[in-house]
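Visitor: I have a structure here, written as structure tokens, and I will follow up with some questions on it.
The values are calculated or read from the model by the stated rules, or taken from the named source; none is laboratory data. The model shown is predicted, which means the values in this text are computed figures rather than measured ones. Positions of Cβ are generated from backbone atoms using ideal geometry, with glycine treated the same way; all protein chains shown enter the neighbour counts. Only protein heavy atoms, including side chains, enter the accessible area calculation; ligands, DNA and RNA are left aside. Shrake-Rupley method; radii C 1.70, N 1.55, O 1.52, S 1.80 Å.
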Amino acid sequence: METSRRDFLKVATIGGAAASVFGFDLAPAYAQLRELKIARATETRSTCPYCSVSCGVIIYTLGDKAKNVTPQVVHVEGDPDHPINRGTLCPKGASLEQDILNERRLLKPQVRRPGATDWEDISWDKALDEIAARMKKTRDDTFVEKDANGKTVNRCESIAWAGGCTDTNEFNYLVVKAMRSLGVCYLENQARV
Ligand code: SF4
């Protein structure tokens, strides 16, 4: 049987779903290839951070157990045992590997000072100190004890909190407690299950 390079590539593109021009099914070979890619990887179960559906994912990393080797994420896929998504992921969730391995990913807090046009890196300690100082000053300056009718309200209308979808349930619980204790009434988060 004559098999051209073009025929071979055509079959490779189809992915071995059907019997090939070689006369046998390539599907098991492709399954084996995929198996090899993650064969020595460590599985970590996690949750997609993008939206409140909270689909379960499995993150595969290589190099976790070797000395002096930085673990490297090699594959991310839907968790077939997860009750929410049963192994499926939407296109955004399916791109998670690029979210993790992205040279533009921010790894440090940044601040843009008043009047500045650029963002500057800042340490976590400094960021927390600055946020705490600004929150205290803003609250001290603007706290409302009584409304226009003289009714006690004890609220802080000048601070708002918006939580992202990467926040866990537990984190959101603590945020709501903390913000309510400060009198913040404008707070929103994306509840996770
Ligand atoms: S995979 Fe899609 S639907 Fe599921 S949590 Fe992520 S973004 Fe939401």
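Visitor: Among (1) part of a helix (DSSP H, G or I); (2) under 20 Å from the mean Cα position of the chain (by Cα), which single condition is Asp167 missing?
Guide: (1)
Visitor: Residue check, Arg112 against (1) open to solvent by 80 Å² or more (accessible area, probe 1.4 Å); (2) over 21 Å from Trp124 (Cβ atoms); (3) away from the ligand (no atom under 11 Å from the Cβ), all met but one. Which one?
Guide: (2)
Visitor: What is the one condition in (1) touching a His at 6+ places or on another chain (Cβ under 8 Å); (2) at pLDDT 75 or above that Lys37 does not satisfy?
Guide: (2)
Visitor: Of everything in the stretch 66-86, what is in a loop (DSSP other than H, G, I, E, B), open to solvent by less than 70 Å² (accessible area, probe 1.4 Å) and either within 11 Å of the ligand (Cβ to nearest atom) or touching a residue at least 60 places away in the same chain (Cβ under 8 Å) (or both)? Give them in sequence order.
Guide: Asp79, His82, Asn85
Visitor: Could you please let me know if Glu130 is acidic (Asp, Glu) and either within 16 Å of the ligand (Cβ to nearest atom) or over 28 Å from Asn189 (Cβ atoms) (or both)?
Guide: no
Visitor: Please verify whether Lys92 is open to solvent by 60 Å² or more (accessible area, probe 1.4 Å), touching a residue at least 24 places away in the same chain (Cβ under 8 Å) and not in a loop (DSSP other than H, G, I, E, B), treating the condition exactly as stated.
Guide: Answer is yes for this residue.
Visitor: Checking the structure you have, find out if any residue of the stretch 13-31 is out of contact with any Leu (no Cβ under 9 Å at 6 or more places or on another chain) and modelled with pLDDT of 90 or more.
Guide: no
Visitor: If you don't mind, there's one more thing I want to ask. For Ser158, state whether it is closer than 30 Å to Ser52 by Cβ, at pLDDT 95 or above and more than 16 Å from the ligand (Cβ to nearest atom).
Guide: So Ser158 passes the test.
Visitor: Return yes or no: is Glu43 away from the ligand (no atom under 16 Å from the Cβ) and either more than 27 Å from Asn169 (Cβ to Cβ) or without any contact (Cβ under 8 Å) to a residue 12 or more places away in the chain (or both)?
Guide: no
Visitor: Right, another one. Output the residues belonging to the stretch 166-193 that are buried (at least 16 other Cβ atoms within 10 Å of the Cβ) and within 15 Å of Pro49 (Cβ to Cβ).
Guide: Asp167, Asn172, Asn189, Arg192, listed by residue number.
Visitor: So how many residues does the stretch 103-126 have that are among the hydrophobic types (A, V, I, L, M, F, W, C) and out of contact with any strand residue (DSSP E or B) (no Cβ under 7 Å at 6 or more places or on another chain)?
Guide: Of the residues in the stretch 103-126, 4 are among the hydrophobic types (A, V, I, L, M, F, W, C) and out of contact with any strand residue (DSSP E or B) (no Cβ under 7 Å at 6 or more places or on another chain).
Visitor: Taking the stretch 117-143 as the region of interest, how many residues are assigned to a helix (DSSP H, G or I) and surrounded by 12 or more Cβ atoms within 10 Å (Cβ to Cβ)?
Guide: Within the stretch 117-143, residues that are assigned to a helix (DSSP H, G or I) and surrounded by 12 or more Cβ atoms within 10 Å (Cβ to Cβ) number 10.
Visitor: Another one. Given (1) assigned to a helix (DSSP H, G or I); (2) open to solvent by less than 100 Å² (accessible area, probe 1.4 Å); (3) in contact (Cβ under 8 Å) with a residue 24 or more places away in the chain, identify the lone condition not met by Asn154.
Guide: The number of the failed condition is (1).
Visitor: What are the residues in the stretch 53-65 that are open to solvent by less than 50 Å² (accessible area, probe 1.4 Å), in a loop (DSSP other than H, G, I, E, B) and either under 13 Å from Glu97 (Cα atoms) or touching a residue at least 12 places away in the same chain (Cβ under 8 Å) (or both), if any?
Guide: Ser54, Cys55
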